[in-house]
Amino acid sequence: GVYRVSYSARVTRAASTSSSLTVTISWMDGDVAQTQSGVAMTGNVTTTQQNGSFLIHNGPNSAATNDVVKYATTYASSGGTTMQYSLYVLIESVS
């Protein structure tokens, strides 16, 4: 089917020196692995945020291989105070 994947990420505590956060969504379209990543969020303040929304096709063989839509983050933080963040992911069927 066709699905809309939406996400919202925000820095909730800035690191004392610097930080970076990247959101990656992965899924199977038939037998072909697909990924989409947001741009690295490097603003080290609590107003730093990113939202994304895109359509994916979870192909006809996806259910047979038991693959699902997955999300991951790549996180880096430096300094005595670590960066913290919130992440919300929503998947809606549109077909």
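Each value in this text was obtained by applying a stated rule to the coordinates, not by laboratory testing. Predicted model only: the values in this text are computed from it and were never measured. We place every Cβ from the backbone using ideal geometry, glycine too, and count neighbours over all the protein chains shown.
If you count, for each residue, the other Cβ atoms within 10 Å and average over each peptide, how do 7-13, 51-57 line up from highest to lowest?
By packing density, highest mean first, the sequence is 7-13, 51-57.
Taking Cα pairs under 8 Å and at least six residues apart, what relative contact order does the chain come out at, in percent?
51
Apply the Karplus parameterisation 6.51 cos²θ - 1.76 cosθ + 1.60, with θ equal to phi minus 60°, to every residue of the stretch 39-55 and state each ³J(HN,Hα) to the nearest whole Hz, in sequence, with x for glycine and proline.
Those phi angles translate into 6, 4, 8, 10, x, 9, 9, 6, 8, 6, 8, 8, 10, x, 8, 7, 9 Hz.
For q values of 0.12, 0.16, 0.21 Å⁻¹, compute log₁₀ I(q)/I(0) with the Debye formula on a Cα-only model of the chain, without solvent.
Evaluating at q = 0.12, 0.16, 0.21 Å⁻¹ gives log10 I(q)/I(0) of -0.44, -0.67, -0.93.
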